[in-house]
Structure formats: C-alpha cells, structure tokens
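Trainee: The structure's right below; bear with me while I get my questions together.
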Number of protein chains: 4
Amino acid sequence: MKKILVLHGSSREGGNTEQLTNLALEGIPHTSMYLREKHIKAIEDKRHAPEGFQPVDDDYDDIIHAVLEHDILIFSTPLYWYGMSGHMKDFVDRWSQSLRDKRFHFKEIMSKKQAHVIITGGDQPRIKGLPLIQQFQYIFSFMNMEFAGYIIGQGNQPGDIMNDRRAVEEARVFNERLKSS
Amino acid sequence: MKKILVLHGSSREGGNTEQLTNLALEGIPHTSMYLREKHIKAIEDKRHAPEGFQPVDDDYDDIIHAVLEHDILIFSTPLYWYGMSGHMKDFVDRWSQSLRDKRFHFKEIMSKKQAHVIITGGDQPRIKGLPLIQQFQYIFSFMNMEFAGYIIGQGNQPGDIMNDRRAVEEARVFNERLKSS
Amino acid sequence: MKKILVLHGSSREGGNTEQLTNLALEGIPHTSMYLREKHIKAIEDKRHAPEGFQPVDDDYDDIIHAVLEHDILIFSTPLYWYGMSGHMKDFVDRWSQSLRDKRFHFKEIMSKKQAHVIITGGDQPRIKGLPLIQQFQYIFSFMNMEFAGYIIGQGNQPGDIMNDRRAVEEARVFNERLKSS
Amino acid sequence: MKKILVLHGSSREGGNTEQLTNLALEGIPHTSMYLREKHIKAIEDKRHAPEGFQPVDDDYDDIIHAVLEHDILIFSTPLYWYGMSGHMKDFVDRWSQSLRDKRFHFKEIMSKKQAHVIITGGDQPRIKGLPLIQQFQYIFSFMNMEFAGYIIGQGNQPGDIMNDRRAVEEARVFNERLKSS
C-alpha cells in the first residue's frame with residue numbers, strides 16, 4: 001500500500017488548510033509533519049563555494065528522511081501573501097542541498113513520488129492562488145515528480161472552509177480516489 | 001529626493017542577482033539590506049488568537065523600520081524553486097503581523113511606496129519566473145503599492161548574468177530612468 | 001429570477017465541453033448560443049480611425065443583444081491551443097467596438113453581470129488551462145463583472161468528460177448553487 | 001542564412017505592435033504576412049468525425065506554406081482582451097487540422113523552428129500580458145518549437161510605443177542578436 005505523507009505548512013494549529021486536508025484524508029492512514037514544529041534554517045547557497053554544502057544542525061534531515069520513505073506527498077499550505085508559507089519555502093529551498101547530498105540519490109528517489117497540493121486562502125484563492133499552482137508545477141516538473149492534482153479552498157475566519165461547498169466536494173472526491181487506488 | 005532601499009533576498013554574497021541589481025543602481029545613492037544577514041523568524045499566525053500577535057525577538061523590526069523610511073523598494077531575489085527565496089518569504093510573511101501592529105499605520109504608509117522587482121534564475125527565468133511576478137503583483141496590489149516594473153535575468157554560474165545582454169540593457173534603462181526621476 | 005445565457009465556444013456539437021456544461025445546467029432554465037452557428041467577423045480596430053467603428057454585417061449584434069438581456073453569462077469553451085476557441089475570441093474582441101457603440105452603455109450594463117467559465121481540455125487542463133483563467137479574470141475585471149467561478153474538466157475522446165469525477169462533482173455543486181440562488 | 005517570417009496579428013495597419021516589430025527587424029531581411037489581409041476561417045473540429053478534416057476554401061494554406069518554408073517565426077500581436085488577436089487565434093487553431101494533414105509532416109517540420117513573440121498593450125501589458133506568454137509557451141512546447149524570447153511593449157495611442165524606452169531597447173538588443181546569429 002502506498003505510504004502518504006502530509007507536509008503541513010501552516011503556522012497555525014487546526015486552521016482552514018488543516019481542516020480541509022484532514023477531510024481529504026479521512027479514514028486514510030497517513031503520516032503528518034507540521035513544519036511549524038520543526039526547526040528549518042533558510043538555505044545557504046553553497047553551490048559555488050569551494051567547500052560545498054556542509055551539514056546543517058536543524059530538523060531538515062528528519063523531514064527529508066520521512067519524505068524519502070513515503071510514496072505520496074501532500075503539500076498542504078495556506079496562501080501566505082499568495083505563495084506557500086515561509087515555513088514550507090524554507091523547507092523546499094533546502095532541496096538544493098539535498099540534490100548535492102551524497103548520502104542518497106535525491107532526484108532519482110523523488111521522481112518516483114506523486115505530489116498533491118492543498119491550499120486555502122481568504123482573498124480569491126481560486127484566482128490568486130494560481131501562480132502558486134504554477135510554481136508547484138515547475139517544482140515537481142524539475143524533480144520529475146507526478147503532479148497528481150490540487151485543491152484550492154476559500155476561508156478566512158477559523159472554520160470557514162467547511163462552508164466552501166466546492167472545496168469540500170473536491171476533498172471528498174480526492175478521498176474516494178485515494179481510497180480506491 | 002526619493003530614498004531607495006534594496007532588499008536582497010539571496011543567500012549568497014555577490015551572486016548574479018546582486019550583480020544585476022548593482023548594475024541597475026550604479027551611481028544612484030541607496031540603502032542595501034541583506035536579508036541573509038538578518039535573523040527573521042517565520043511568522044506565527046496569531047490573527048485569531050485571543051492574545052493576538054506578540055513582539056518577536058529578532059531583526060524584523062530593524063528591516064521594517066528601514067522599509068518605512070524609504071520611498072522606493074527594490075525586491076531583489078534569485079529564483080529559488082521558481083519563487084522568492086525563503087529569506088525574503090519569511091520577511092514578507094511577517095507583514096501580516098505589521099498590518100496589526102499599532103505602532104504604525106503599515107498599510108497606509110506602504111501604499112505610498114513604489115516597488116520594483118529584480119530576479120535572476122538559471123532555468124528559463126523569463127518563463128518560469130512569471131508566476132513569481134504575478135505573485136508580487138498580488139502582494140503589491142493588496143498593499144496598494146505601485147508595481148513600477150521588473151527585470152528578469154538569466155544566469156547559473158557566477159558572473160553569467162553579465163552575458164545576458166537583454167537583462168543588462170534593462171538594468172541600464174532602469175538606471176537612467178531612476179536617475180532622471 | 002436571474003436569466004442565464006451560455007455562450008458555447010466549441011466548434012464541435014455535443015463535445016466534452018458541452019456535456020459538462022449541460023450537466024452543470026441540468027434542470028435550470030437557460031438560453032444557449034452556439035458561436036459556431038453564428039457569423040462573427042474578426043474585429044477591425046477603428047479606435048483611432050477618423051470615421052470610427054462602422055456597423056458590421058454579421059451576427060454579432062444578435063449575440064450581444066442576448067448578452068445584454070441576461071444576468072448570468074457562462075463562457076463555455078474547449079481549450080484550443082491553451083486558450084479560448086477562435087470563435088469565442090473573435091466574439092470577445094468585438095467588445096472593443098461595443099464599448100464605443102452609442103446605442104447602449106455596454107460597460108455599465110456588463111458590470112452588473114455575473115460570469116462563469118467552463119473549459120475542458122485534453123492536455124493537463126488543470127495546469128495548462130490556468131493562463132486562460134487568468135485571462136478571463138483580466139477580461140471580467142476590466143468590465144467590472146463578477147467572476148463567480150470556473151470549472152476545468154479533462155477529456156480528449158468524445159464522452160471522456162464523464163469519467164472526470166472531479167469535474168462532474170464540480171458541475172453538480174455548481175448546479176445546486178445555481179438552483180438555490 | 002535563416003529565413004524569418006513575421007506573422008502580424010493586428011487588425012490595424014501601422015499600429016504600435018507593428019512599429020515595435022519593425023524596429024526589432026530593422027535592416028534584417030524578412031517576410032511579413034498580415035493576417036488581417038487573409039481570409040482564415042475559424043476551425044471546425046473534425047478530429048472525431050468519420051470523414052475527418054476536409055479541405056477548407058480560404059487563405060490558410062498560403063500562410064502555412066510560408067510558415068513551413070521559414071526558420072524563425074515571429075508572432076507579433078497586440079493584446080486584444082489580454083490574449084492574441086482573434087485573427088491570430090483563428091490561424092493557430094487551424095494547426096489542429098495541419099497536424100492531421102497528410103501532405104506534410106507538420107509537427108516534425110515545426111519542431112525545427114524558432115519562435116519569438118512581440119506583443120504590445122495599453123493596460124499594464126508587462127503584467128496582464130503574462131498569461132499570453134504562458135499560453136505561447138504551452139503552444140510552442142506542444143510543437144517542440146524553441147521559444148527563443150519575447151518583447152512586451154506598452155502603448156495605447158498611435159506611436160506611443162516609441163516612448164516605451166524599455167521595449168525600444170529590447171527591440172534593439174533583439175535586432176543585434178538576430179543580426180549576429
């Protein structure tokens with residue numbers, strides 16, 4: 001059975017994005033990682049430094065090990081300023097280091113994974129969230145990962161998301177599809 | 001005379017983005033802030049918490065005070081995974097806190113500023129950087145800031161940017177326009 | 001009760017886009033116009049000509065009169081080369097003439113209408129259809145029309161669309177929302 | 001020497017787009033085709049019809065023969081409603097027929113060509129023209145054509161384009177690059 005990992009990018013516990021994500025995964029075994037609970041340093045670009053990238057003392061490795069061990073990755077993030085949260089961006093930026101990490105074949109392993117994106121936002125997310133979808137598309141395409149789909153929900157106040165009929169239905173379809181696969 | 005602040009998002013000193021930005025500002029007085037030298041914590045969303053946002057012990061305030069005192073803001077960032085760097089994203093995310101900071105009228109002051117964007121990237125940046133331009137457009141539009149323009153340069157190896165004739169010319173036009181304004 | 005007009009942009013009768021649109025409108029009274037059955041000349045830009053725009057002998061006026069008399073407009077088009085069909089583009093281009101037509105206050109009347117978009121495509125439409133969604137956003141925004149939502153379906157062979165669970169569910173949610181409004 | 005074909009999409013003679021395009025091609029031998037002078041019927045999708053596509057009595061073949069005989073294609077179009085003109089869209093839509101035309105190997109021949117895009121618009125074209133750039137990217141990518149670059153100019157009133165310093169400089173750089181290649 002395929003192993004599912006959810007990377008939660010929100011800085012707030014139990015927010016709209018998490019609620020929508022939980023709905024999408026109801027009854028489906030999965031692992032959750034909350035990036036806000038992890039210490040992830042912003043990348044220091046050492047691609048062109050003579051010494052190259054050096055080990056970094058933070059929680060990035062824990063997360064990336066979990067990522068490597070799962071088959072399906074769900075990137076769940078609220079729209080922060082029309083992009084993924086800084087927590088998630090700091091995490092993704094570090095992939096540049098993993099690409100050069102000799103302990104594992106990062107790109108090769110990642111290319112076998114399937115990615116999904118779940119985002120929510122308060123300001124016309126189905127329009128203003130599209131650049132983020134396009135950015136994810138470029139990210140996954142670079143890594144040769146399958147971009148299997150995305151859900152965009154609308155909500156501002158806590159719990160709003162449950163009133164977004166369309167997002168709720170999409171989460172339900174997502175759930176059924178995942179269960180039957 | 002208008003005061004210019006450059007917010008450098010790169011994690012690497014003297015990289016292509018900085019070179020292009022320096023070219024664009026040659027002979028023009030300006031302040032530079034290097035986000036990589038600052039300690040900026042990722043936002044903790046307290047919009048819906050009873051206690052609201054609390055003071056954060058890091059360098060964000062220093063930067064935002066500089067921002068508020070300048071008229072023209074230049075967001076200079078390499079494309080990291082087809083977005084702004086995590087350093088810059090962590091900074092921008094914190095604006096959500098400033099919007100609720102009673103010490104100043106953040107949105108009102110910001111709405112009088114003019115924004116420019118300078119980005120460079122190695123993988124078809126003039127196509128794959130467009131979602132980031134659209135994201136900046138939504139950011140500035142939300143803040144009622146003028147999005148005066150952007151330059152996209154191509155470069156991978158250190159110094160490459162100087163071979164991007166089009167970006168170099170755009171930096172020159174930008175420079176002349178800024179000097180004559 | 002609100003009057004609904006569907007503008008069908010497909011050049012093929014009964015294709016996937018029409019099927020999805022019919023599903024979305026099941027049991028809801030509406031008017032359908034098939035642009036392929038109309039003769040619509042491409043615009044001749046006369047904005048700067050001394051004589052201005054002149055009457056054009058084709059079916060455009062019939063369509064625009066129908067448009068003006070309805071409250072909800074549904075732009076239904078297959079993705080042709082990642083954009084709306086030429087039939088629909090020729091129609092929309094002519095709005096530039098209507099904006100200067102003294103017989104009616106085109107922009108003012110249009111600003112009271114609500115717009116929906118339904119598109120289907122065969123090549124990753126949920127990603128590659130996003131520029132078209134953004135284009136429609138700019139179009140409706142220019143006209144001060146409400147962009148109430150969009151559905152993107154996937155299908156290549158005739159009838160494929162019925163296997164796109166997500167699109168079918170979205171059409172159903174759309175249908176219920178329209179019925180209850 | 002590489003043969004250059006410009007496909008002019010404007011419906012107006014000598015407008016801003018044409019001026020910018022002429023500037024970009026100053027002193028460089030090339031062929032110009034003005035789509036507004038041609039009769040191009042909108043496509044009738046016969047992919048799934050038993051009889052398939054049938055010969056169409058219009059000027060499309062003349063244009064496509066010219067296209068096939070040139071090495072560099074320049075798509076020059078004003079932004080009409082944030083997209084290419086209907087004239088150009090009707091032309092591109094017909095490629096679906098050429099893909100199935102047994103007289104030539106359309107996709108194979110096209111894949112050897114280099115494409116450039118020149119657009120001008122009056123309403124923030126450097127932002128609101130980006131979906132069109134992304135659409136062209138998908139079009140050329142589908143055809144395996146090289147998307148060598150684009151110029152976006154701003155202009156509303158006739159002749160405005162000459163005041164767009166940035167576009168004028170980009171046209172100059174484009175010109176030099178083409179001359180030296």
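Trainee: Which of the residues that make up region B:21-39 are assigned to a loop (DSSP other than H, G, I, E, B) and more than 20 Å from A:Lys46 (Cα to Cα)?
Mentor: In the first step, residues of region B:21-39 are kept if they are assigned to a loop (DSSP other than H, G, I, E, B); the result is B:25-30, B:38-39.
Of everything in region B:21-39, those that are assigned to a loop (DSSP other than H, G, I, E, B) and more than 20 Å from A:Lys46 (Cα to Cα) turn out to be B:Leu25, B:Glu26, B:Gly27, B:Ile28, B:Pro29, B:His30.
Trainee: Take the conditions facing chain C (nearest Cβ under 9 Å) and more than 23 Å from D:His70 (Cα to Cα) and apply them to D:Pro125. Does it pass?
Mentor: On the way: facing chain C (nearest Cβ under 9 Å): no; more than 23 Å from D:His70 (Cα to Cα): yes.
Against the criterion (facing chain C (nearest Cβ under 9 Å) and more than 23 Å from D:His70 (Cα to Cα)), D:Pro125 does not qualify.
Trainee: Further question on the same structure: Let me spell it out: the conditions are (1) among the polar types (S, T, N, Q); (2) more than 10 Å from every other protein chain (Cβ to nearest Cβ); (3) open to solvent by 10 Å² or more (accessible area, probe 1.4 Å), and C:Ser96 meets all of them except one. Which number is the exception?
Mentor: (2)
Trainee: Hey, any hits in region B:115-131 for a residue that's under 25 Å from A:Gln124 (Cα atoms) and in contact with a Pro (Cβ under 9 Å, 6 or more places away or on another chain)?
Mentor: Within region B:115-131, one or more residues are under 25 Å from A:Gln124 (Cα atoms) and in contact with a Pro (Cβ under 9 Å, 6 or more places away or on another chain).
Trainee: Taking region A:1-27, which residues are of a type in the set (Lys, Arg) and within 17 Å of A:Lys89 (Cβ to Cβ)?
Mentor: Result: A:Arg12, single match.
Trainee: Still on this model: Taking the criterion of being modelled with pLDDT of 95 or more, farther than 24 Å from C:Ile43 by Cα and at the interface with another protein chain (Cβ under 8 Å from one of its Cβ atoms), would at least one residue in region D:150-161 satisfy it?
Mentor: Yes - at least one qualifying residue is present in region D:150-161.
Trainee: Something else: I need the full set of residues from region A:145-163 which are within 12 Å of A:Pro125 (Cα to Cα) and open to solvent by 20 Å² or more (accessible area, probe 1.4 Å), in order please.
Mentor: Hits for region A:145-163 are A:Gln154, A:Asn156.
Trainee: Follow-up. Restricting to region A:107-122, count the residues that are part of a helix (DSSP H, G or I) and either within 7 Å of chain B (Cβ to nearest Cβ) or open to solvent by 10 Å² or more (accessible area, probe 1.4 Å) (or both).
Mentor: Going through region A:107-122, the residues part of a helix (DSSP H, G or I) turn out to be A:107-110.
Right, trim to either within 7 Å of chain B (Cβ to nearest Cβ) or open to solvent by 10 Å² or more (accessible area, probe 1.4 Å) (or both) and you get A:107-109.
Adding up the residues that qualify gives 3.
Trainee: Test A:Phe104 against the stated conditions and say whether it is buried (at least 21 other Cβ atoms within 10 Å of the Cβ) and free of Cβ contacts under 8 Å to residues at least 40 places away in the same chain.
Mentor: On the way: buried (at least 21 other Cβ atoms within 10 Å of the Cβ): no; free of Cβ contacts under 8 Å to residues at least 40 places away in the same chain: yes.
When the stated conditions are applied, A:Phe104 does not pass them.
Trainee: Further, regarding this structure: Could you tell me which of the residues D:Val168, D:Val173 is over 30 Å from D:Ile43 (Cα atoms), away from chain C (no Cβ under 14 Å) and open to solvent by less than 20 Å² (accessible area, probe 1.4 Å)? Spell out the reasoning first.
Mentor: Values: D:Val168 fails: open to solvent by less than 20 Å² (accessible area, probe 1.4 Å).
Result: D:Val173 is the single residue among D:Val168, D:Val173 that is over 30 Å from D:Ile43 (Cα atoms), away from chain C (no Cβ under 14 Å) and open to solvent by less than 20 Å² (accessible area, probe 1.4 Å).
Trainee: Okay, moving on. Identify all residues within region A:21-60 that are hydroxyl-bearing (Ser, Thr, Tyr) and in contact (Cβ under 8 Å) with a residue 40 or more places away in the chain; write none if there are none.
Mentor: At the first step, the residues of region A:21-60 found to be hydroxyl-bearing (Ser, Thr, Tyr) are A:21, A:31-32, A:34, A:60.
A:Thr21 - this is the single residue of region A:21-60 that is hydroxyl-bearing (Ser, Thr, Tyr) and in contact (Cβ under 8 Å) with a residue 40 or more places away in the chain.
Trainee: Same structure, new question: Any residue in region B:1-20 that's in a loop (DSSP other than H, G, I, E, B): show its pairings with residues that are among the hydroxyl-bearing types (Ser, Thr, Tyr) at Cβ separation under 7 Å, as long as the two are six or more apart or on different chains.
Mentor: B:Gly9/B:Ser76; B:Gly9/B:Thr77; B:Gly9/B:Ser85; B:Ser10/B:Thr17; B:Ser10/B:Thr77; B:Ser10/B:Ser85; B:Ser11/B:Ser85
Trainee: If you scan region B:78-88, which residues turn out to be open to solvent by less than 10 Å² (accessible area, probe 1.4 Å) and in contact (Cβ under 8 Å) with a residue 12 or more places away in the chain?
Mentor: Within region B:78-88, B:Gly83, B:Met84, B:Ser85, B:Met88 qualify.
Trainee: Let me ask you something else. Determine, yes or no, whether B:Phe75 is assigned to a strand (DSSP E or B) and open to solvent by 20 Å² or more (accessible area, probe 1.4 Å).
Mentor: no
Trainee: Within region B:83-92, identify whether any single residue is touching a helix residue (DSSP H, G or I) at 6+ places or on another chain (Cβ under 8 Å), acidic (Asp, Glu) and on the phi < 0 side of the Ramachandran plot, and answer yes or no.
Mentor: Yes, there is a match, as at least one residue in region B:83-92 is touching a helix residue (DSSP H, G or I) at 6+ places or on another chain (Cβ under 8 Å), acidic (Asp, Glu) and on the phi < 0 side of the Ramachandran plot.
Trainee: Ok, one more. How many residues does region B:18-41 hold that are of a type outside the set (Val, Ile, Thr), buried (at least 22 other Cβ atoms within 10 Å of the Cβ) and under 30 Å from A:Tyr34 (Cβ atoms)?
Mentor: 1
Trainee: Same structure again: Would you check which residues across region A:53-68 are of a type outside the set (Phe, Trp, Tyr), within 13 Å of another protein chain (Cβ to nearest Cβ) and either outside any loop (DSSP other than H, G, I, E, B) or out of contact with any His (no Cβ under 8 Å at 6 or more places or on another chain) (or both) and list them?
Mentor: A:Val56
Trainee: Could you count how many residues in region A:16-50 are touching a helix residue (DSSP H, G or I) at 6+ places or on another chain (Cβ under 8 Å), more than 8 Å from chain B (Cβ to nearest Cβ) and of a type in the set (Gly, Ala, Ser)?
Mentor: Residues that pass the stated criteria total 2.
Trainee: Another question about this same structure. Does B:Lys46 satisfy the condition of being open to solvent by 30 Å² or more (accessible area, probe 1.4 Å), among the basic types (Lys, Arg) and closer than 25 Å to A:Lys41 by Cα?
Mentor: So B:Lys46 fits the description; yes.
Trainee: Follow-up. Return the residues of region D:149-181 that are among the hydrophobic types (A, V, I, L, M, F, W, C), assigned to a helix (DSSP H, G or I) and touching a residue at least 24 places away in the same chain (Cβ under 8 Å); say none if nothing qualifies.
Mentor: D:Ile161, D:Met162, D:Ala167, D:Val168, D:Ala171, D:Phe174, D:Leu178
Trainee: Checking the condition among the aromatic types (Phe, Trp, Tyr), farther than 24 Å from C:Gln154 by Cα and open to solvent by 10 Å² or more (accessible area, probe 1.4 Å), which residue from C:Phe53, C:Phe91 passes?
Mentor: Checking each option against the conditions leaves just C:Phe53.
Trainee: Looking at this structure, is A:Trp95 touching a helix residue (DSSP H, G or I) at 6+ places or on another chain (Cβ under 8 Å) and farther than 20 Å from A:Asp71 by Cβ?
Mentor: Details: touching a helix residue (DSSP H, G or I) at 6+ places or on another chain (Cβ under 8 Å): yes; farther than 20 Å from A:Asp71 by Cβ: no.
When the stated conditions are applied, A:Trp95 does not pass them.
The values are calculated or read from the model by the stated rules, or taken from the named source; none is laboratory data. These figures come from a predicted structure and were not determined experimentally. When we count neighbours, we look across all protein chains shown, and the Cβ atoms used for this are built from the backbone with ideal geometry, even at glycine. Note: accessible area is taken over every heavy atom of the protein model, side chains too, but ligands, DNA and RNA are not part of it. Shrake-Rupley method; radii C 1.70, N 1.55, O 1.52, S 1.80 Å.
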